[in-house]
Amino acid sequence: MVSRVIPVDPFDLVIFGGTGDLARRKILPGLLRRFHAGQMTADSRVIGAARSDLGAEGWRSLIREGIEEFAPALAADRDTLEAFLERLDYVSIDATGDGGWDRLCDLMRPGAVRAFYFSVAPSLFGPLAERLHAHRIADRESRIVVEKPFGRDLASARALNRTLAEHFDESQIYRIDHYLGKETVQNLMAVRFGNLLFEPLWNNHYVDHIQITVAETVGVEGRGDYYDKAGAMRDMVQNHLMQLLCLIAMEPPSRFEADAVRDEKLKVIRALKPVRPHHIVRGQYDGTPSAPSYREEVGNPRSFTETYIALRVEIANWRWSGVPFYLRTGKKLRARHSEIAVVFKDLPHSIFEGDDRPHRNILAIRLQPNEGIDLTVTIKEPGPGGMRLTDVPLDMTFAKALGNGAEDVPDAYERLVMDVIRGNQTLFMRGDEVEAAWAWTDPLIAGWEARNDVPKLYDPGSSGPDDAMMLLHREGRRWRDIRA
Ligand code: NAP
């Protein structure tokens, strides 16, 4: 299926941290894809900024290598790649210094949309915002994009919000949670609010429970310094899993529009009940004869940081009262597998004699791999032998259903960067949302710190600690399999 591409307005996008991992691995390959698709017009420009003294040619080489490494299929079209690289410029700037800003100012063209991507450590957000203003590079129409982590607790998130608010209006601030840019996550909204079918069932009368799983096979991968101070709760739950929870649980917004959607998400976060200690399971991956344990990897033999967490969460409102939401995320698990599963209640009564197995419909929204949706339905087993029933998935893998190759499913970053240029904040987090998420998270972390809770060890390649299985087993439920 050929999708219609509407070009965005010409833009000047400045990427602070343009030499960094995120820029090379995600942002620039994403922009190249949009250029390739004709959405980024030829008169738009991307300006890299970092301390390294590279010059435009040096940065282009770095980005060319990044694209060859991280997006080889894109790099194969040399003509488009070179045409894209011509749109790139570079300025050497220290976010905390005064050199380079005048040159950046000269590069900005009147009339083009101005966007500034802060792909740097959060400690540099303030200095960048201040200097963009002082040098009159940003105007009232400009946008800034800020990366996670947005604070490490409520106090630091508030401080960051205040700093940004000194120079930019909330309507100019785009807080990225790249999960919101995933095609399936947006499809979650399309499925919920574009079909009549699900809404009547989307409540505590019909839903038994909901599972949200984000399982990774990788460990901390050189991010040990940061990760050991964060852990799975701060790194994944407070932002990504919370956003998924909001989208699955929120009331229908009146319009698919930034504040209407974000108001509804905020209500969900504010309705979250405090989580009881026995509804939290923290784990940490152990070592094997051939692979180091987490503690060895981060060089901290007494680390109590969790690389796995499972939680049983409840939402105190009419729609969801009594419905548990089980969230789990972890590193070095059996497979890379992320999904949201809405598990409906058992049939009240079976009319089929001899059919004593429970049948339940499950709507599973797969985020990775094979983005798609499947709905488990009960049908008759084929063949003679009476009415024997079996459960089968109605599978819609997007790449297959839409006739695309998997590589045609757009990456989250390319969608989100184009939204910034379009001025559409729907898929970005508002300041009050982030603060509310921290307000819910902080007491949970403070609780286990006060209890000196030690994470349970789990084997790499497993499904996590046994205690996490018990979280559901003791309520007569079970986690869905983590499988590739
Ligand atoms: P990185 O590889 O360490 O890159 C940091 C970038 O910041 C480099 O370009 C560096 O270039 C620049 N920089 C450092 N100090 C600077 C200064 N004083 N003034 C100007 N530029 C400076 O980090 P990253 O992985 O790209 O991550 C960037 C941000 O995105 C971080 O906030 C991170 O938490 C977030 N993030 C990253 C990922 C990811 O997959 N990598 C995912 C989610 C969020 P110079 O040394 O040349 O100045």
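The helices (runs of 4 or more DSSP H) located wholly in the stretch 218-282 include none with 3 or more residues which are within 16 Å of the chain's Cα centre (by Cα) and among the acidic types (Asp, Glu).
I need a count of the residues in the stretch 289-315 that are assigned to a strand (DSSP E or B) and at pLDDT below 95. I'd like the intermediate steps shown before the answer.
The first filter runs over the stretch 289-315 and keeps only residues assigned to a strand (DSSP E or B), leaving 291, 308-313, 315.
The next check asks that each one be at pLDDT below 95; those that pass are 291.
Number satisfying all stated conditions: 1.
With respect to Phe118, is the statement that it is in contact with a strand residue (DSSP E or B) (Cβ under 7 Å, 6 or more places away or on another chain) and within 11 Å of the ligand (Cβ to nearest atom) true?
Details: in contact with a strand residue (DSSP E or B) (Cβ under 7 Å, 6 or more places away or on another chain): yes; within 11 Å of the ligand (Cβ to nearest atom): yes.
Considered against the rule, which asks whether it is in contact with a strand residue (DSSP E or B) (Cβ under 7 Å, 6 or more places away or on another chain) and within 11 Å of the ligand (Cβ to nearest atom), Phe118 comes out as yes.
Just name the residue that is nearest to the ligand (Cβ to nearest atom) out of those in the stretch 128-138 that are surrounded by fewer than 20 Cβ atoms within 10 Å (Cβ to Cβ) and in a helix (DSSP H, G or I). This residue is Glu130.
For the stretch 59-127, which fully contained helices (runs of 4 or more DSSP H) count at least 1 residues that are over 21 Å from Arg34 (Cα atoms)? Please lay out each step first, then the result.
Values: elements: 72-75, 78-85, 101-107.
Output list reads 101-107.
Residues in the stretch 356-396 that are within 20 Å of Lys345 (Cβ to Cβ) and without any contact (Cβ under 8 Å) to a residue 12 or more places away in the chain: Asp356 only. Checked across the stretch 71-88, the condition of being under 22 Å from Lys26 (Cα atoms) and within 16 Å of the ligand (Cβ to nearest atom) holds for at least one residue. Meeting the requirement of 1 or more residues that are modelled with pLDDT of 95 or more and surrounded by 18 or more Cβ atoms within 10 Å (Cβ to Cβ), the helices (runs of 4 or more DSSP H) wholly within the stretch 389-484 are 412-422, 431-450, 466-473. Looking only at the stretch 6-30, residues that are within 12 Å of the ligand (Cβ to nearest atom), part of a loop (DSSP other than H, G, I, E, B) and over 22 Å from the mean Cα position of the chain (by Cα) come to 1 in all. Of all the listed residues (Gln172, Gln238, Gln186), the sole one being touching a strand residue (DSSP E or B) at 6+ places or on another chain (Cβ under 6 Å) and either touching a residue at least 24 places away in the same chain (Cβ under 8 Å) or within 16 Å of the ligand (Cβ to nearest atom) (or both) is Gln172. In the stretch 192-225, the qualifying residues are those that are within 14 Å of the ligand (Cβ to nearest atom), touching a residue at least 60 places away in the same chain (Cβ under 8 Å) and surrounded by fewer than 16 Cβ atoms within 10 Å (Cβ to Cβ), and the one that is farthest from Ala341 (Cα to Cα) is Asp225.
Against the conditions (1) surrounded by fewer than 21 Cβ atoms within 10 Å (Cβ to Cβ); (2) in contact with a Pro (Cβ under 6 Å, 6 or more places away or on another chain), Asp94 satisfies every one except (2).
The values are calculated or read from the model by the stated rules, or taken from the named source; none is laboratory data. Keep in mind that what you see is a predicted model, and the values were worked out from it rather than measured. We place every Cβ from the backbone using ideal geometry, glycine too, and count neighbours over all the protein chains shown.
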